[in-house]
Each structure stands twice: as C-alpha cells, then as structure tokens.
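Q: Would you mind keeping the following structure in view while I ask a few things?
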Amino acid sequence: METEKMALERTFSIIKPDAVAKNVIGAIYNRFETAGLRIVASKMIHMSKEQAEGFYAEHKERPFFGALVDFMTSGPVMVQVLEGEGAIVKNREIMGATNPADAAAGTLRADYAQSIDENAVHGSDAPESAAREIAYFFSEEEICPRTR
Ligand code: UDP
C-alpha cells in the first residue's frame, strides 16, 4: 500500500507578550510537540518598534497597526521555527481563529488569548510568508534541522 506523505515544511511562530506574561511558554511548546511539530530554532527577544513595524508592514494601513506595534513591543516574545509535515496548516489549526471568540475549543487562542488584539500567538499563513518571516528573525545557521 502506498503511503502518501505531506511535504516537510517549516513555519514561523511567535508566542506574543500576553502569553509570555501568563507563563505558558512551556504549555504552548507542549502543544506544538504533541502535534508532531519540532522546534528547530527558538529565542526570546524584546522587539524594537522598528522590528515590529517591519514584521507587520503588510498591515500598516490598518486602523489597529499602531496598537499592534505597541502590544508586540510591550514585553518579551518567544520566536521559533517549527518543522514538520504540513507545518504551516498544522500550526494554524493548533492556534485557532484570529479572534479567540471564534476559536475552536482546545486551540491555543481559545485557551490563552483574551481578545483579537492580544491573541497569544502568531503563525505564518502561507509558504511565502513563512520563508520571509523565518528569515526576518533567524539566520540559516541558527536553524537546526533535526529531521534531516
Ligand atoms: N489584529 C488586531 N486587531 C484586529 C485584527 C488583527 O490587533 O482587528 C492583530 C492580531 O494580533 C492579529 C494580527 O493583527 O493576530 C494579524 O492579523 P491577521 O488577520 O493576519 O491574523 P492572524 O494571521 O494572526 O490570525
């Protein structure tokens, strides 16, 4: 019988300042690992205003942009690269909907987010954004591909 394999992918993830402040980094990492995603790069950073504005540049005309930058620079965050089969979609499923009020039970945002503005986690939404976002925070030397 033929086994169909999804592509081994990398995605970019942020544990946002609200979740770091709640002391749930380990709980969130546990969700990633339980779902079969490997953490292949990870660091804690406190983003500068310029770093946050550059990261969210696609949203710069949106009314919430200023508040989003203020929030993302309000405290430390964990940034990580997750690797696994179908990692981009899998991580989005683990995260749940942008607005925690709409997030399915058992997702990270249902469990740890309080509002659409402070919603615990970020995850890339497509292969192009994943590549761009990973390169924004990590050099290739910082990424350890354990599955290769
Ligand atoms: N955001 C916000 N207010 C809104 C919509 C979005 O503060 O009304 C923020 C929120 O932190 C969200 C981010 O902007 O996670 C990016 O929005 P997007 O629609 O891309 O959602 P995501 O990909 O994070 O689910």
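The values are calculated or read from the model by the stated rules, or taken from the named source; none is laboratory data. Here the structure is a predicted model, which is why all the values come from computation and not from measurement. Here the Cβ is made from the backbone with ideal geometry for all residues, glycine too, and neighbour counts use every protein chain on show. Note: accessible area is taken over every heavy atom of the protein model, side chains too, but ligands, DNA and RNA are not part of it. Shrake-Rupley method; radii C 1.70, N 1.55, O 1.52, S 1.80 Å.
Condition check ((1) closer than 20 Å to residue 56 by Cα; (2) at pLDDT 95 or above; (3) among the acidic types (Asp, Glu)) across all residues:
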{"residue": "78", "(1), (2), (3)": "yes, yes, no"}
{"residue": "125", "(1), (2), (3)": "yes, yes, yes"}
{"residue": "132", "(1), (2), (3)": "yes, yes, no"}
{"residue": "140", "(1), (2), (3)": "no, no, yes"}
{"residue": "144", "(1), (2), (3)": "no, no, no"}
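Q: Determine whether segment 45-63 contains at least one residue that is surrounded by 12 or more Cβ atoms within 10 Å (Cβ to Cβ), in contact with a Phe, Trp or Tyr (Cβ under 9 Å, 6 or more places away or on another chain) and part of a strand (DSSP E or B).
A: Yes.
Q: Can you tell me which residue among 34, 98 is under 20 Å from residue 129 (Cβ atoms) and either open to solvent by 60 Å² or more (accessible area, probe 1.4 Å) or in contact with a Ser or Thr (Cβ under 7 Å, 6 or more places away or on another chain) (or both)?
A: None of the others qualify; the one that does is 98.
Q: Restricting to segment 95-140, count the residues that are within 22 Å of residue 33 (Cα to Cα), in a loop (DSSP other than H, G, I, E, B), touching a residue at least 40 places away in the same chain (Cβ under 8 Å) and within 11 Å of the ligand (Cβ to nearest atom).
A: Count: 4.
Q: Which of (1) more than 15 Å from the ligand (Cβ to nearest atom); (2) assigned to a helix (DSSP H, G or I); (3) without any contact (Cβ under 8 Å) to a residue 60 or more places away in the chain is the odd one out, the single condition residue 31 does not satisfy?
A: Every condition holds for residue 31 apart from (3).
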